[in-house]
1. Given the structure, is residue 97 within 15 Å of the chain's Cα centre (by Cα) and on the phi < 0 side of the Ramachandran plot?
2. Based on this model, can you work out whether residue 48 counts as assigned to a helix (DSSP H, G or I), surrounded by fewer than 19 Cβ atoms within 10 Å (Cβ to Cβ) and at pLDDT 95 or above?
3. For residues that are without any contact (Cβ under 8 Å) to a residue 12 or more places away in the chain and closer than 17 Å to residue 109 by Cβ, scanning just the stretch 23-43, find the one that is nearest to the chain's Cα centre (by Cα).
4. So how many residues does the stretch 54-81 have that are surrounded by 15 or more Cβ atoms within 10 Å (Cβ to Cβ) and not in a helix (DSSP H, G or I)?
């Protein structure tokens, strides 16, 4: 897996790492997703944002290995605004997946939600 947040988002979207033509847009959408991660209790309490391919997942998560859903949740959020599926069934499926991941991430930080 690529350690760079932007690099891994690009990889999951099928964009070559050398292609920087979408970087500004991807950074903007990724920062929106990362704001939501902050609201779910992930990362620094003051928030986290990327400005280039230099920020890594460890900058956001530290050495935690219990938050792997954050990678997929962030990617799905970026995909929904950057390259949404044309099929409404796929849109609904992704929305449901995001909702479940959000619940699981938040429940991990607030165990009383899972009770």
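1. yes
2. Answer is no for this residue.
3. The residue in question is 38.
4. Going through the stretch 54-81 one residue at a time, the tally reaches 3.
The values are calculated or read from the model by the stated rules, or taken from the named source; none is laboratory data. Every value quoted in this text rests on a predicted model; they were computed, and no experiment measured them. Glycine also receives a Cβ, built like all others from the backbone with ideal geometry; neighbour counts cover every protein chain displayed.
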